[in-house]
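Working notes, beginning with the structure itself.
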Amino acid sequence: MAQTIIPVGDPKAVKKYSAFLALDTPKKSWFTSRMMGYGETASMPIQMLNELENDAGEQISFDLTMQLKMQPVESDDVLENKEEKLQFYTDSVKIDQLRIGVNSGGKMTRKRTVHKLRKIARARQSELWSRIFDELFFMYGSGARGVNADFVYKTGYSGFAGNGFSVPDAEHIQYAGNTTKGTLAATDKMVLLEVDKLVAKATMMGGGSGGGSAGTDGNTQTPQIQPVKIEGEDHYVLVLNPWQVFDLRTATGANGWLDIQKALVTAVGKKSSIFTGGLGMHNRVVLQEHKSVVRFSDYGSGGAVLAARALFLGEQAMVCAFGSPGTGLRFGWHEETRDNGNQLIITSSTIMGVKKTTYNGKDYGMMALDTAATDPTVN
């Protein structure tokens, strides 16, 4: 029976599989499928910026307007020349090309049709792209590569496209037990009290909420972390490492953990993507789990305590931007042969950038929570 073969490099295949990747990868990526929203008004932890998908350029700038803090004039007092000026802070994200590829081997090694090879390459590469996306979001959100042994990115990695990692500033990091990196003990593990502290800190942050000395307005110029709004209710997201989840489960006990799960099931707006796959909810914080939460091995007085950095996310904590690779899609697909046509090479690419949102030298939309975290199966 005759078989139709679409040859290597055929434009129909290139466009088709570029589209497949553009659909597959966001669905498989944990962050892009659950935590991303589009446009300036998106009330999600990650804001997608699409200005460069159709226009030339490599950088997008975006602004934050600080909260007004003017005391109103009273009665017939004159308002003229007392008006408060709008204050803006600007951040930007750059994009660059990322590429991966597979060598399918020689003709005698493959013994498959080009159709089968494309399907296999698409499946494996979309999985890798989703893993790359998630690792980038965790590293940029944490401001560090950490010591995670299963990352595709090597230790010492510090970002791409000119978007360097930004460590959490002092106002946006919390250590379990009210400690510091140098004093964190192996017993300073994840407990619900730490979640409550994060909520209290986020609620009181910014706008001069008690931050000034006597006789001053106390304005810290620190933007308040805005919660994610789901059907009129405010929520935050806390992404935990599985070892932190284990500590939290065992600390709360079976009954306490059941209450946390019930809170999520009965929540208003539970169909929102930020609830998808959630462990539970406590004090309006949706608890999520991911193995790629960044870990460290140099905490404590002796620099040997293992720790993990949970991410407490509000609105627009990070931004992501794409540029079209020339196909009108977010991914490019390329096929070529080498060794006089014997080897088939299939590669894919994307043009993108990721960044934690920072204004005036301070993080915006998120906090880090560092706790001791060790493998519970190891003594």
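Couple of notes before you dig in:
- Any hit, region 89-101, residues being of a type outside the set (V, I, T), assigned to a loop (DSSP other than H, G, I, E, B) and surrounded by 16 or more Cβ atoms within 10 Å (Cβ to Cβ): no
- Checked against the criterion of being in a helix (DSSP H, G or I) and modelled with pLDDT of 95 or more, the candidates L264, L248, L238 yield just one match: L248.
Residue-by-condition table, conditions (1) at positive phi; (2) in a strand (DSSP E or B):
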{"site": "E335", "(1), (2)": "no, yes"}
{"site": "N340", "(1), (2)": "yes, no"}
{"site": "I345", "(1), (2)": "no, yes"}
{"site": "T350", "(1), (2)": "no, yes"}
{"site": "V354", "(1), (2)": "no, yes"}
{"site": "L369", "(1), (2)": "no, yes"}
{"site": "T374", "(1), (2)": "no, no"}
{"site": "T377", "(1), (2)": "no, no"}
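- Close pairs from region 240-265: first closer than 23 Å to S142 by Cβ, partner of a type in the set (S, T, N, Q) and at pLDDT 95 or above, Cβ under 8 Å, at least 6 apart: L240/Q288; W243/T374; Q244/T371; D247/T371
- Matching residues in region 261-291 - criterion: being closer than 22 Å to G37 by Cβ, buried (at least 17 other Cβ atoms within 10 Å of the Cβ), in contact with a Gly (Cβ under 8 Å, 6 or more places away or on another chain) and hydrophobic (A, V, I, L, M, F, W, C): F275, V286, L287
- Filter result (touching a Pro at 6+ places or on another chain (Cβ under 9 Å) and either part of a strand (DSSP E or B) or of a type outside the set (A, V, I, L, M) (or both)) within region 278-301: R284, E289, H290, K291
- Residue in region 251-260 that is more than 30 Å from M70 (Cα to Cα), in contact with an Asp or Glu (Cβ under 9 Å, 6 or more places away or on another chain), modelled with pLDDT of 90 or more and not aromatic (F, W, Y) present: yes
Each row is one residue, and each column tells you yes or no for (1) over 25 Å from A202 (Cβ atoms); (2) surrounded by 22 or more Cβ atoms within 10 Å (Cβ to Cβ); (3) in contact with a helix residue (DSSP H, G or I) (Cβ under 8 Å, 6 or more places away or on another chain).
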| residue | (1), (2), (3) |
| --- | --- |
| L136 | no, yes, no |
| A144 | no, no, no |
| T155 | yes, no, no |
| F160 | yes, no, no |
| F165 | no, no, yes |
| Y175 | no, no, no |
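- In region 163-200, the residue that is farthest from H235 (Cα to Cα) out of those that are of a type in the set (D, E, K, R) and at pLDDT below 95 is D169.
- Residue list for region 77-103, filter: over 29 Å from the mean Cα position of the chain (by Cα) and within 19 Å of K362 (Cβ to Cβ): L86
- The lone exception for F322 - which of (1) under 25 Å from F160 (Cβ atoms); (2) buried (at least 23 other Cβ atoms within 10 Å of the Cβ); (3) not hydroxyl-bearing (S, T, Y) it fails: (2)
- Evaluating R338 against the criteria (1) closer than 30 Å to H115 by Cα; (2) crowded, with 16+ Cβ neighbours inside 10 Å leaves one unmet condition, (2).
- Residue check, T357 within 30 Å of L21 (Cβ to Cβ), in contact with a His (Cβ under 6 Å, 6 or more places away or on another chain) and either modelled with pLDDT of 90 or more or buried (at least 23 other Cβ atoms within 10 Å of the Cβ) (or both): no
- Answer from V237, V268 - the residue that is more than 30 Å from V378 (Cα to Cα) and among the aliphatic types (A, V, I, L, M): V268
- Each residue in region 132-176 was checked for being in a helix (DSSP H, G or I) and either without any contact (Cβ under 8 Å) to a residue 40 or more places away in the chain or hydrophobic (A, V, I, L, M, F, W, C) (or both), and 8 of them qualify.
- L311 meets each of the listed conditions (1) in contact with a Gly (Cβ under 6 Å, 6 or more places away or on another chain); (2) aliphatic (A, V, I, L, M); (3) at pLDDT below 95 apart from (3).
- Filtering S61, S33 for residues that are of a type in the set (S, T, N, Q), within 30 Å of L117 (Cα to Cα) and at pLDDT 75 or above leaves a single hit, S33.
- Every residue from region 311-333 that is in a strand (DSSP E or B) and out of contact with any helix residue (DSSP H, G or I) (no Cβ under 7 Å at 6 or more places or on another chain): L313, V319, C320, A321, F322, G323
The values are calculated or read from the model by the stated rules, or taken from the named source; none is laboratory data. Please read all numbers here as calculations on a predicted model, not as lab measurements. Note that each Cβ is placed from the backbone with ideal geometry, even for glycine, and that neighbours are counted across all protein chains shown.
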